[in-house]
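A.B. asks: For reference, the structure I am asking about is given below.
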Ligand SMILES: O=C(O)[C@H](O)[C@@H](O)[C@H](O)[C@H](O)COP(=O)(O)O
């Protein structure tokens, strides 16, 4: 059974970025008012840049915000492929530089060898996560849940009690690290941010029948643990 996700369509990228930033900022403010802190996991890739720039200008107590990534390419933060670099340059600017950013990378180690240290580092992260923002590739991957990924089965297993998985896949480029699906679903606000007609078609295909391994975003669309809010514009 395909889960009903709520999908909001925006006129263009700028209006979407502003609206998503306002929704995320609102959720972070609410969590800070209630718990004194908030947490945010964002995706990398090319889509979120404008959203990051809008969110970074939001008025909130950034010193109380913990930020990390849904997934990361296993490259140093100086690499142009690094999602941490994208976040540093576009989100952690101005007041938002006061947020605590926790990278998903351990220098000098492989992803598999770094997972233990990362798990310890994230041990204190408050649960549930306040906001999780996913992206989607035209191959139907989300986070680093890639078709053909060597650890895909474990990464999307709702019974997995690990929070991280390494991932290698033909479509992934370099080795990856990703939060597992059950860890990502432990959130108060789950969003999928996609843009363009091509991704709309991929989303429609993913919402149809078919093997989750062919389009791993189906694992998010088909779960009924956490409501999914889709943000789309042409
Ligand atoms: O590191 C990454 O690449 C991601 O976090 C990934 O899951 C991304 O969200 C999609 O690949 C969409 O990427 P684009 O926005 O570049 O299409």
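A.B. asks: Helix-only estimate, please: 222 nm mean residue ellipticity of the chain, summing -39500 (n - 2.57) across DSSP H runs of length 4 or more and dividing by its residues, to the nearest 500. Working shown, then result.
C.D. replies: Numbers: 8 runs with 75 residues, N = 234.
Counting only the DSSP helices, I get -9000 deg cm²/dmol.
A.B. asks: Further, regarding this structure: Hey, what D do you get for the range 66-151 in µm²/s if you plug the Kirkwood alpha-carbon radius into Stokes-Einstein at 4 °C and 1.567 mPa s?
C.D. replies: In µm²/s, the coefficient rounds to 90.
A.B. asks: Determine, from the Cβ-Cβ distance of residue 127 and residue 12 and an R0 of 35 Å, the FRET efficiency 1/(1 + (r/R0)^6), rounded to the nearest 0.05.
C.D. replies: Values: r = 35 Å, r/R0 = 1.01.
Working from the Cβ atoms, E equals 0.50.
A.B. asks: When 232, 74, 62 are ordered from fewest to most other Cβ atoms inside 10 Å of their Cβ, what list results?
C.D. replies: Values: 232 18, 74 25, 62 21.
Ranking 232, 74, 62 by Cβ neighbours within 10 Å, fewest first, gives 232, 62, 74.
A.B. asks: For the residues 67, 32, what sequence is obtained by ranking on other C-beta atoms within 10 Å, fewest first?
C.D. replies: On the way: 67 21, 32 18.
So the ranking, lowest neighbour count to highest, is 32, 67.
A.B. asks: If you count the DSSP beta bridges with both ends in the chain, what percent of them are antiparallel, to the nearest 5?
C.D. replies: Working: 8 of 32 bridges.
The answer is about 25 percent antiparallel.
A.B. asks: Report the full-extension gain for the segment residue 95 to residue 110: residue separation times 0.36 nm, less the Cα-Cα distance, to one decimal in nm. The partial results should precede the final answer.
C.D. replies: Values: separation 15, 0.36 × 15 = 5.40 nm, distance 3.34 nm.
Between residue 95 and residue 110, full extension yields 2.1 nm more.
A.B. asks: Please give the Cα centre distance for the range 172-220 versus the range 60-104, rounded to the nearest Å.
C.D. replies: Distance between centres, Cα-based: 21 Å.
A.B. asks: Further question on the same structure: When the expected Rg is taken as 2.2 N^0.38 Å, what fraction or multiple of it is the alpha-carbon Rg of the chain? Could you put the intermediate results ahead of the total?
C.D. replies: Working: Rg = 16.4 Å, N = 234, 2.2 N^0.38 = 17.5 Å.
Cα-based Rg divided by the globular estimate yields 0.94.
A.B. asks: From zero up to wherever the largest Cα-Cα distance of the range 107-173 sits, split into 5 Å bins and tell me the percent of pairs in each.
C.D. replies: All Cα pairs, binned at 5 Å, distribute as 3, 14, 20, 25, 22, 12, 3 percent.
A.B. asks: Sort 139-150, 219-230 for me by packing, meaning the mean count of neighbouring Cβ atoms within 10 Å per residue, highest on top.
C.D. replies: Details: 139-150: 24.0, 219-230: 17.1.
Ranked by mean Cβ neighbours within 10 Å, highest first: 139-150, 219-230.
A.B. asks: When a/c reaches 1.5 or more, the comparison of a/b and b/c decides; with that in mind, is the range 152-214 rounded, prolate or oblate per its Cα gyration tensor?
C.D. replies: Values: a/c = 1.65, a/b = 1.33, b/c = 1.24.
Because a/c hits 1.5 or more and a/b exceeds b/c, the range 152-214 counts as prolate.
Values quoted throughout were computed directly from the atomic coordinates according to the rules given, and no laboratory measurement underlies them. Owing to the predicted nature of the structure, the values given are computational and were not obtained by experimental measurement. Ideal geometry is used to build each Cβ from the backbone, glycine not excepted, and the neighbour counts take in all protein chains shown.
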